[in-house]
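J.: I am attaching a structure below and will ask some questions about it afterwards.
The values are calculated or read from the model by the stated rules, or taken from the named source; none is laboratory data. Keep in mind it's a predicted model, so treat the numbers as computed, not measured. Using ideal geometry, Cβ is built from the backbone for each residue, glycine included, and neighbour counts are taken over all protein chains shown.
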């Protein structure tokens, strides 16, 4: 999913950059009317909507393409509603901060103070989780995504059930590591419910949407009659409309017109949003390293040309949003589109060029300090601890850091397009991008923060390369067993200890079923199985768990073969090699939640 999110936000940024130019000088770059239709056509995206706000000007909103490609219903920026996904976190932050400003919630009290019916375990004594941790993605929970939404409003669980039944493990002490956290925002939404005495969606409607006259935004399930909802599309066709998790990952539906209103309220510190709420949201509240951009409440921080930028994205299968604010310039742009695709790497250069012309400036420059950088070499993965099978994404979505010997570093996998970047050291553990404006930093514990990523995260060293080789070794052995030892050959084997070879073949067949199910539902193309779960995915995980169990039988047979002298020496060696490769595969499968009852 991470790669899909990166490609999607690439398009969102490219689309957003052009209208942003309209807030700048008169000789700005070509407008969205010239750029967006061509992009939609080139990349097979059915539709998009854009909202632009800037100081002293009326909001500009416009729709492009189709909300429903089959029925040829065009996007209407005032009426067409799109699923917000994680953009809902901005509403959750605003709602919680309203109650903070009223003295009904505290940013720094143990959240258990407000919970009824269940409690957050005291995994790290003396380190309770607070609302501040929830709103800055520093609570330290594991992350689960598989099967966390529903296609029917009748089946959708209430927020209280979501946070109680879906309570993940606490993986890290709170306040120590920045790691994007959907459950934290679900819990923050539930705190709004418990303190206000109102369902989360009702509270947001009454205290945020109605005061701002955001009539096109709705948390209702089912949606009000007459709501024009865009369909989300991918390579496998249209996705289902998702219900559930209203405070974090599924959210309400909204229109570009309403998002223009919301952006203006944030930029203008509108008291209808709650006195002081917008200012709190826009103020940096946490940074993994104080020299890097950090987090507000519900908003993430970045810089360009020395200008401060705040943004929040929202991504769910078929829908991708990006809201970008330049608070000092009192300008903002929101873009949403209802399709999945990729763009060439040159899109990033175009984005920078448009923003540079619209808001010129000089980013701070620090001279290189040189020094030995070999201590920072290694392979890094996101510290976001996954409790479901998507932990395996770390095997392929990681960052490689290498020292060049001249006081510099190169990284692969840290940029949005996966290209290699060069960095010069400008301070202790601090590196500036050659030819760019990004910063990365390493702390004394070996954590890596900063760089080009689509959501706030931190990275840590992990032996991923070894794990990948172990995975491929096992897959090669299983494939060889399936193709090289067909059933007919097994039947011709001597009856003596034939069951041991059948065990190897059956283990390989189960792994093949698992790989097919995983690839079909998650790897090859995004499907509804990621959020809704599916019988195929569940069956695939059952197959992998069965294969894991049978591998113990392979170990027993290998020991018996050598102890009892089964078969010839080449036979014993080949069986032992197969068992060793199977063990390598199963170790990795266990470490990355691909076995052990973690079912969708």
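J.: Run down 186, 213 and say which single residue is under 30 Å from residue 447 (Cα atoms) and in contact (Cβ under 8 Å) with a residue 40 or more places away in the chain.
T.: Just one listed residue meets the conditions, 186.
J.: Another question, if that's okay. With segment 172-291 as the region, which helices (runs of 4 or more DSSP H) entirely inside it contain at least 2 residues that are farther than 21 Å from residue 323 by Cα and either out of contact with any strand residue (DSSP E or B) (no Cβ under 8 Å at 6 or more places or on another chain) or at pLDDT 95 or above (or both)?
T.: Because the criterion is at least 2 residues that are farther than 21 Å from residue 323 by Cα and either out of contact with any strand residue (DSSP E or B) (no Cβ under 8 Å at 6 or more places or on another chain) or at pLDDT 95 or above (or both), the helices (runs of 4 or more DSSP H) in segment 172-291 that meet it are 182-196, 200-204.
J.: Right, another one. For the subset of segment 425-439 comprising residues that are part of a loop (DSSP other than H, G, I, E, B) and touching a strand residue (DSSP E or B) at 6+ places or on another chain (Cβ under 6 Å), which member is surrounded by the fewest Cβ atoms within 10 Å (Cβ to Cβ)?
T.: 434
J.: Here's a follow-up. Going residue by residue through segment 28-39, is there one that turns out to be surrounded by fewer than 18 Cβ atoms within 10 Å (Cβ to Cβ), touching a strand residue (DSSP E or B) at 6+ places or on another chain (Cβ under 9 Å), modelled with pLDDT under 95 and not assigned by TED's automatic domain parsing to the domain that holds residue 217?
T.: No, segment 28-39 contains no residue that is surrounded by fewer than 18 Cβ atoms within 10 Å (Cβ to Cβ), touching a strand residue (DSSP E or B) at 6+ places or on another chain (Cβ under 9 Å), modelled with pLDDT under 95 and not assigned by TED's automatic domain parsing to the domain that holds residue 217.
J.: Might you check whether a residue that is in contact with a helix residue (DSSP H, G or I) (Cβ under 6 Å, 6 or more places away or on another chain), assigned by TED's automatic domain parsing to the domain that holds residue 276, crowded, with 17+ Cβ neighbours inside 10 Å and under 20 Å from residue 316 (Cα atoms) occurs anywhere in segment 188-206?
T.: Yes, that holds for at least one residue.
J.: Under 8 Å between Cβ atoms, at least 6 apart or on separate chains: pull out the pairs that start in segment 444-465 with a residue that is assigned by TED's automatic domain parsing to the domain that holds residue 398 and over 13 Å from residue 394 (Cβ atoms) and end on any residue that is modelled with pLDDT under 80 and part of a loop (DSSP other than H, G, I, E, B).
T.: Pairs found: 452/416; 453/416; 454/416.
J.: Whether any residue in segment 397-406 is over 28 Å from residue 148 (Cα atoms), surrounded by 19 or more Cβ atoms within 10 Å (Cβ to Cβ) and touching a helix residue (DSSP H, G or I) at 6+ places or on another chain (Cβ under 6 Å) is what I want to check.
T.: Checked against the condition, which is being over 28 Å from residue 148 (Cα atoms), surrounded by 19 or more Cβ atoms within 10 Å (Cβ to Cβ) and touching a helix residue (DSSP H, G or I) at 6+ places or on another chain (Cβ under 6 Å), segment 397-406 yields at least one hit.
J.: Next question, about the same structure. With respect to residue 542, determine if the residue is modelled with pLDDT of 85 or more and surrounded by fewer than 22 Cβ atoms within 10 Å (Cβ to Cβ).
T.: yes
J.: Scan 108, 122 and give me the residue that is assigned by TED's automatic domain parsing to the domain that holds residue 187, out of contact with any strand residue (DSSP E or B) (no Cβ under 8 Å at 6 or more places or on another chain) and not in a helix (DSSP H, G or I).
T.: 122
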